[in-house]
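Visitor: Have a look at the structure that comes next, please.
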Amino acid sequence: MRSPIPDFLDETLNRHRSDRSGENADYIPDLAAADPEKLGICISTLDGVEYTSGDSEFEFSIQSMSKPFIYGLALEQAGLPAVLDMVGVEPSGEKFNELSLDKKSGKPLNPMINAGALAIHSLLGEDGSSLAERTEIARSGLSRFAGRELRVDESTAAGEWEAAYRNIAIANMLRSYDVFLDDPDDVVQGYIAQCSVLVTVKDLAIMAATLAGGGLNPITGEQVLSPRVNRQVLAVMMTCGMYDAAGDWMTEIGIPAKSGVSGGVFGVMPGQVGIATFSPRLDRHGTSVRGAKIFRDLSNRLSLHIMDAPEPARSIIRRDRRFVGNNGEMVRICSLQGLIQWSGSENVIRAMDDPATSTNVFILDLRRVNEINGVARKMLTEALSRLKEDGIRVVLMDPEDMMKCKGPDSALPDVKILDSLKSVKGLKRVRNDRRREMADRSV
Ligand code: DON
């Protein structure tokens, strides 16, 4: 079968190809000269499959889209407290290159605006690292997200440095407030080199998929960021990544994203996909016009808004049946399915705790469960222990060892473990048991 996904992407690009609104960024000569007709998209899955359309091999500078990744590398290197001590996590509601610091703390408001990104760049490497060393740490670090060796485009960097008055002013402001002690010009040049790393939409989609997969690069298998740092990066990106358009972006499109003045945009759907688009003409916020429209389309047509409520936990309990054994014992078989998180485990525990049902043997059937997260495993383990304390015999059907002890505080109680229901012989199904029991009581 020919996958319909590339056709869907072709069609999505074609809907917006004729939109020529907006302008290329003009303060960096190479960006002003970029072909404004270029248009490309790539969606990467978490196992590294890339669906592309349009100019997906075309290279452009990463610009501000480098900021979340460099923030993640700095967090891994210096640790969360040290980084938070230097740069806050509050949305600024200002343009990306505003000369601003938090009034109370004197810190940059967040790492997505230039003030924060310059400070974060100064953290790379040992104290007092040279411009060349920091540039290499940024380039090689970004390459680890992309899964291939990226390079700095010297022409883009030189052009930006020629007119970097605003960033030099911001860096001098940071130096004067002792946010960093390095030479401000070096920090700006290093940051410009970081922004001048060349990527394609395919690279960006893999980089985004790395964030979507909890920091795990889907191509190389490298855990580039720890899950905790990855979460921090995504949270900050979601709230601050689109600067003074962050609220509009999150409410209308709802895909945590980051844009760059080269015309790239990448978006991250945690646990699902990484998406990247490229089209050079920008809106007044510095975001690609066609990129934003394509993201809006994808959000609507693929239901990718992060705040769209997921399937409710009701689907966790596939069946909850009661049987009578030969010896008159009441046996209850509760069969679960899907992914069990905290809310799903609450649902199961509520069913276990049903006061209207008398049970001698409780069988928890996990054969159709795909995954149980840590907190749900802990909750269910505790609930099974309590059932046992209440004198109920507990049996687990867990051929994939979903409930196996993964830590000291989640040790399973001593329960019988079955591989199939064939071994539970001689059971007679009790139908409409709840209704009958209620009727019995009222007699
Ligand atoms: O700091 C700058 O001016 C650029 N090199 C990067 C700016 C950027 O991409 C802003 N994002 N939309």
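The values are calculated or read from the model by the stated rules, or taken from the named source; none is laboratory data. It should be emphasised that the depicted structure is a prediction, and the values quoted were computed from it without experimental measurement. Glycine also receives a Cβ, built like all others from the backbone with ideal geometry; neighbour counts cover every protein chain displayed.
Visitor: Check the stretch 84-102 and report whether any residue there is within 22 Å of Cys195 (Cβ to Cβ), without any contact (Cβ under 8 Å) to a residue 24 or more places away in the chain and not charged (D, E, K, R).
Guide: yes
Visitor: Further question on the same structure: Restricting the search to the stretch 60-78, which residues are away from the ligand (no atom under 16 Å from the Cβ) and either more than 21 Å from the chain's Cα centre (by Cα) or within 17 Å of Ile170 (Cβ to Cβ) (or both)? Can you show your working first?
Guide: Kept after step one, since they are away from the ligand (no atom under 16 Å from the Cβ), are these residues of the stretch 60-78: 72-78.
Ala78, the sole residue that qualifies.
Visitor: In the stretch 297-312, what count of residues is obtained for those that are of a type outside the set (S, T, N, Q) and in a helix (DSSP H, G or I)?
Guide: Within the stretch 297-312, residues that are of a type outside the set (S, T, N, Q) and in a helix (DSSP H, G or I) number 3.
Visitor: Which of the residues that make up the stretch 192-210 are of a type in the set (A, V, I, L, M, F, W, C) and closer than 19 Å to Thr52 by Cβ?
Guide: Leu198, Val199, Val201, Leu204, Ala205, Ile206, Met207, Ala208, Ala209
Visitor: Could you tell me how many of the residues in the stretch 97-113 are surrounded by fewer than 24 Cβ atoms within 10 Å (Cβ to Cβ) and closer than 25 Å to Val152 by Cα?
Guide: 1
Visitor: Select from the stretch 26-46 the residues that are of a type in the set (A, V, I, L, M, F, W, C) and in contact with a strand residue (DSSP E or B) (Cβ under 6 Å, 6 or more places away or on another chain) and list them in ascending order.
Guide: Leu39, Ile41, Cys42, Ile43
Visitor: Still on this structure, I have one more. Would the stretch 188-211 turn up any residue that is over 17 Å from Phe69 (Cα atoms) and either in a helix (DSSP H, G or I) or modelled with pLDDT under 95 (or both)?
Guide: Checking the stretch 188-211: at least one residue is over 17 Å from Phe69 (Cα atoms) and either in a helix (DSSP H, G or I) or modelled with pLDDT under 95 (or both).
Visitor: Restrict the check to the stretch 364-384 and report whether at least one residue is in a loop (DSSP other than H, G, I, E, B) and out of contact with any helix residue (DSSP H, G or I) (no Cβ under 8 Å at 6 or more places or on another chain).
Guide: There is no residue in the stretch 364-384 that is in a loop (DSSP other than H, G, I, E, B) and out of contact with any helix residue (DSSP H, G or I) (no Cβ under 8 Å at 6 or more places or on another chain).
Visitor: Taking the criterion of being assigned to a helix (DSSP H, G or I), within 16 Å of the ligand (Cβ to nearest atom), under 27 Å from the mean Cα position of the chain (by Cα) and closer than 23 Å to Met269 by Cα, would at least one residue in the stretch 79-92 satisfy it?
Guide: Taking every residue of the stretch 79-92 in turn, none turns out to be assigned to a helix (DSSP H, G or I), within 16 Å of the ligand (Cβ to nearest atom), under 27 Å from the mean Cα position of the chain (by Cα) and closer than 23 Å to Met269 by Cα.
Visitor: Something else: Are there any pairs with C-beta distances below 9 angstrom linking a residue in the stretch 155-175 that is modelled with pLDDT under 95 to a residue that is within 11 Å of the ligand (Cβ to nearest atom), with the two at least 6 apart or on different chains, and if so which?
Guide: Ala163/Tyr27; Ala163/Ile28
Visitor: With the structure loaded, tell me whether Ser56 is away from the ligand (no atom under 13 Å from the Cβ), in a loop (DSSP other than H, G, I, E, B) and free of Cβ contacts under 8 Å to residues at least 12 places away in the same chain or whether it fails that test.
Guide: So Ser56 does not fit the description; no.
Visitor: Sort through Ser315, Ser303 and tell me the only one that's farther than 20 Å from Met65 by Cα and under 20 Å from the mean Cα position of the chain (by Cα).
Guide: Ser303
Visitor: Taking the options Arg322, Arg296, name whichever one is touching a residue at least 40 places away in the same chain (Cβ under 8 Å), more than 16 Å from the ligand (Cβ to nearest atom) and within 23 Å of Arg431 (Cβ to Cβ).
Guide: Details: Arg296 fails: within 23 Å of Arg431 (Cβ to Cβ).
None of the others qualify; the one that does is Arg322.
Visitor: When the residues of the stretch 242-279 are filtered to those that are in contact (Cβ under 8 Å) with a residue 24 or more places away in the chain and charged (D, E, K, R), which remaining residue is surrounded by the fewest Cβ atoms within 10 Å (Cβ to Cβ)?
Guide: That would be Glu252.
Visitor: Also, quick follow-up: For the stretch 174-187, which residues satisfy the criterion of being in a helix (DSSP H, G or I) and either hydroxyl-bearing (Ser, Thr, Tyr) or within 16 Å of the ligand (Cβ to nearest atom) (or both)?
Guide: Going residue by residue through the stretch 174-187, those that are in a helix (DSSP H, G or I) are 174-176, 184-187.
If the condition is that a residue be in a helix (DSSP H, G or I) and either hydroxyl-bearing (Ser, Thr, Tyr) or within 16 Å of the ligand (Cβ to nearest atom) (or both), then Leu174, Ser176, Pro184, Asp185, Asp186, Val187 are the ones that fit.
Visitor: Separate question: How many of the residues making up the stretch 145-167 are within 11 Å of the ligand (Cβ to nearest atom) and over 17 Å from Gly264 (Cβ atoms)?
Guide: Final tally of qualifying residues: 7.
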